[in-house]
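Peer 1: The structure that follows is given in the form of structure tokens.
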Amino acid sequence: MLLFLALFASADAPNDATPGNYAPTTKLLTIRAAPSATSEQAGKLAEGEVFAVTAVVDGPGCRSGWGQVGTDAFTCLDFAEPAQTAPVHLPRDLVYEPPFPTDYANYSENGVWTHRGTGEDDLLPFVYARRWKEWRGRVYTDAAAYESGAAPSSRLPAGRRARFVDAAETSLGVVLIREDGTVVPEEDVYVFPITRFQGRDLVADPLPEGHTLAWSTNYEDAPLYREPTLGEPEFRVAYHQSFVVAEEPVRDHIWRAPNAFAIGEDGYVDDRTDVRVFQRAERPEDVGTDEMWIDLEREATVLAVYRGDTPIYVTLTSPGTGTRTPIGTWRIQDKRVWHDMQSRAGSDDPYYVEAVPWTMFFKPMYAIHGAYWHWGFGHKASHGCINVAPRDARWLFEHAEPQLPVGWHTINADDEDLPGTLFRIR
């Protein structure tokens, strides 16, 4: 009955809210296209993140008033409180430098990584870690409790890839901080090594005419040959190293890498197992000559962003294993700064992944998103989504439509008024 009364409260009911900055008091606060609880959903706001209200209007389903947060965008202020700080573009940058993939062998065996760096990488919005092997995942109520020698209050759930909102130094070492203020000693969790791999911005760094881009995707480094007949390799190209090749193969799967050994001494690579090569695609008929769109060649795992017929960004991905990633053309449906993902009930391969960053859904249950738990880009690896490296995920998120307003966590596309970027998988 209370829900019924709230939903159909009079549009003339008084409210005491005023324009200004607010923060949600619930985990995710819905944004509506009109000041009504039954209006179409336009986006989400995240708990603790400040948003700006430019006007407060009455409407059904909200006692405190509907705060206007954008053009045709309103949220109920029953579930928000005034904030003293200004809104920022999400996600916030977190100053914390996780291990490199090259640290993995020593780290997983000895619990030590060498690339501590400066902590200025701003690579991800959270620290990501899990309980695994000898990493016990002990949780303490706060840093003081940990320093005092108090018993842990709990442990991280087994199998969960967890996010931490910050890190802090204590007298006993670094602790990672959960959203609820509890802490886990850094030495008590396996911190995911994160690749610094990123694709190429072809506007800032164009390719030479008549050439295209290739990457080594052989985990043991890609063989580089002296002759197109291959034979014994004379050199190997480091994993994820990019290089240019002639735009057309010299024969099936064999590409010439100009001046690979020295000026005038070309090399040759094989794209069947060792490298991935970007090959231009034709623009779909329903895409404008100046419209941005995204193309993925599923088997090659290469994703390209185009402006009309011109490629502007290319990179490697990890689509679904086998044919788990569907073929087709869609538009981005919504963009979420982060999104918790989990397997379906009864799955043979259960998982729970907290705060998957820079997530863009193009089809129910399918998204392009950052992946912090592996660095196998250029190989199929997912359950069906398109995994990309964190730096690529951020670039794609910031450039794809619809654009995320300041302070928002999620924005939903609208086919007529706010269309999402077209995405084709072939």
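The values are calculated or read from the model by the stated rules, or taken from the named source; none is laboratory data. Fair warning: this is a prediction, and the values are worked out from it, not measured in the lab. FYI the Cβ positions are ideal-geometry reconstructions off the backbone, even for glycines, and counts take in every protein chain you see.
Peer 1: Can we say Val305 is under 20 Å from Thr317 (Cβ atoms) and under 26 Å from the mean Cα position of the chain (by Cα)?
Peer 2: Details: under 20 Å from Thr317 (Cβ atoms): yes; under 26 Å from the mean Cα position of the chain (by Cα): yes.
Judged against the criteria, Val305 is a match.
Peer 1: From the residues in region 229-251 that are of a type in the set (D, E, K, R) and closer than 22 Å to Leu296 by Cβ, which one is surrounded by the fewest Cβ atoms within 10 Å (Cβ to Cβ)? Before you say what the answer is, go through the steps one by one.
Peer 2: Of the residues in region 229-251, the ones of a type in the set (D, E, K, R) are 232, 234, 236, 247-248, 251.
Those left that are additionally closer than 22 Å to Leu296 by Cβ: 247-248.
Details: Glu247: 17, Glu248: 10.
Taking the candidates together, the pick is Glu248.
Peer 1: Which one of these does Arg155 not meet: (1) at pLDDT 95 or above; (2) among the charged types (D, E, K, R); (3) in the same structural domain as Asp271 (by TED's automatic domain parsing)?
Peer 2: (3)
Peer 1: Please enumerate the residues belonging to region 24-69 that are assigned to a strand (DSSP E or B) and more than 21 Å from His339 (Cβ to Cβ).
Peer 2: Ala52, Val53, Ala55, Val56, Val57, Trp66, Gly67, Gln68, listed by residue number.
Peer 1: Restricting the search to region 373-386, which residues are touching a strand residue (DSSP E or B) at 6+ places or on another chain (Cβ under 6 Å) and buried (at least 23 other Cβ atoms within 10 Å of the Cβ)?
Peer 2: Phe377, Gly378, Cys385, Ile386
Peer 1: Then there's this: I need the full set of residues from region 288-309 which are in contact (Cβ under 8 Å) with a residue 60 or more places away in the chain and surrounded by fewer than 20 Cβ atoms within 10 Å (Cβ to Cβ), in order please. Walk me through how you get there before you give the answer.
Peer 2: Let us first name the residues in region 288-309 that are in contact (Cβ under 8 Å) with a residue 60 or more places away in the chain, namely 291-298, 301, 303, 305.
Hits for region 288-309 are Glu291, Met292, Glu297, Arg298.
Peer 1: Can you name the residue in region 62-72 that is touching a residue at least 60 places away in the same chain (Cβ under 8 Å) and not β-branched (Val, Ile, Thr) and is also farthest from Thr38 (Cα to Cα) among such residues?
Peer 2: First, pick out the residues of region 62-72 that are touching a residue at least 60 places away in the same chain (Cβ under 8 Å): 69-70, 72.
In the following step, the residues that additionally are not β-branched (Val, Ile, Thr) were identified as 70, 72.
Numbers: Gly70: 18, Asp72: 14 Å.
Checked region 62-72; the qualifying residue farthest from Thr38 (Cα to Cα) is Gly70.
Peer 1: Pairs only if they're at least six apart or on different chains, beta carbon under 6 angstrom, first in region 195-209 and within 14 Å of Tyr306 (Cβ to Cβ), second of a type in the set (Asp, Glu) and modelled with pLDDT of 95 or more; list them, first residue then second.
Peer 2: Gly199/Asp392
Peer 1: Here's a follow-up. Yes or no: region 190-198 includes at least one residue that is over 20 Å from Pro390 (Cβ atoms), modelled with pLDDT of 95 or more and crowded, with 16+ Cβ neighbours inside 10 Å. Spell out the reasoning first.
Peer 2: Restricting attention to region 190-198, the residues satisfying the condition of being over 20 Å from Pro390 (Cβ atoms) are none.
No - not one qualifying residue is present in region 190-198.
Peer 1: Mind listing whichever residues of region 349-369 are within 25 Å of Val191 (Cα to Cα), in contact with a strand residue (DSSP E or B) (Cβ under 6 Å, 6 or more places away or on another chain) and of a type in the set (D, E, K, R)?
Peer 2: Residue satisfying the conditions is Glu354 alone.
Peer 1: Scan region 71-97 for residues that are more than 23 Å from Phe164 (Cα to Cα) and out of contact with any strand residue (DSSP E or B) (no Cβ under 8 Å at 6 or more places or on another chain) and report the count.
Peer 2: 2
Peer 1: Given the structure, is Asp201 closer than 30 Å to Glu398 by Cβ, among the acidic types (Asp, Glu), surrounded by 13 or more Cβ atoms within 10 Å (Cβ to Cβ) and not assigned by TED's automatic domain parsing to the domain that holds Gln342?
Peer 2: Values: closer than 30 Å to Glu398 by Cβ: yes; among the acidic types (Asp, Glu): yes; surrounded by 13 or more Cβ atoms within 10 Å (Cβ to Cβ): yes; not assigned by TED's automatic domain parsing to the domain that holds Gln342: yes.
For Asp201, the condition - closer than 30 Å to Glu398 by Cβ, among the acidic types (Asp, Glu), surrounded by 13 or more Cβ atoms within 10 Å (Cβ to Cβ) and not assigned by TED's automatic domain parsing to the domain that holds Gln342 - is met.
Residue by residue, here is whether (1) under 23 Å from Tyr313 (Cα atoms); (2) of a type in the set (D, E, K, R); (3) in contact with a strand residue (DSSP E or B) (Cβ under 9 Å, 6 or more places away or on another chain) holds:
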{"residue": "Ser347", "(1), (2), (3)": "no, no, no"}
{"residue": "Ala371", "(1), (2), (3)": "yes, no, yes"}
{"residue": "Val388", "(1), (2), (3)": "yes, no, yes"}
{"residue": "Asp392", "(1), (2), (3)": "yes, yes, yes"}
{"residue": "Asp415", "(1), (2), (3)": "no, yes, yes"}
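Peer 1: Could you run through region 70-92 and say how many residues are surrounded by fewer than 17 Cβ atoms within 10 Å (Cβ to Cβ) and not in a strand (DSSP E or B)?
Peer 2: The number of residues fulfilling the criteria is 8.
Peer 1: Can you tell me which of Arg161, Arg130, Arg92 is of a type in the set (D, E, K, R) and modelled with pLDDT under 95?
Peer 2: Numbers: Arg161 fails: modelled with pLDDT under 95; Arg130 fails: modelled with pLDDT under 95.
Matching residue, one of Arg161, Arg130, Arg92: Arg92.
Peer 1: So, restricting to strands (runs of 3 or more DSSP E) that lie completely within region 93-194, which ones have at least 2 residues that are of a type outside the set (Lys, Arg) and more than 25 Å from the chain's Cα centre (by Cα)? Walk me through it before giving the result.
Peer 2: Details: elements: 127-130, 160-164, 166-170, 173-177, 183-185.
Here the list reads 166-170, 173-177.
Peer 1: Name the residue that is nearest to Val95 (Cα to Cα), counting only residues in region 174-189 that are buried (at least 20 other Cβ atoms within 10 Å of the Cβ) and among the β-branched types (Val, Ile, Thr).
Peer 2: Val175
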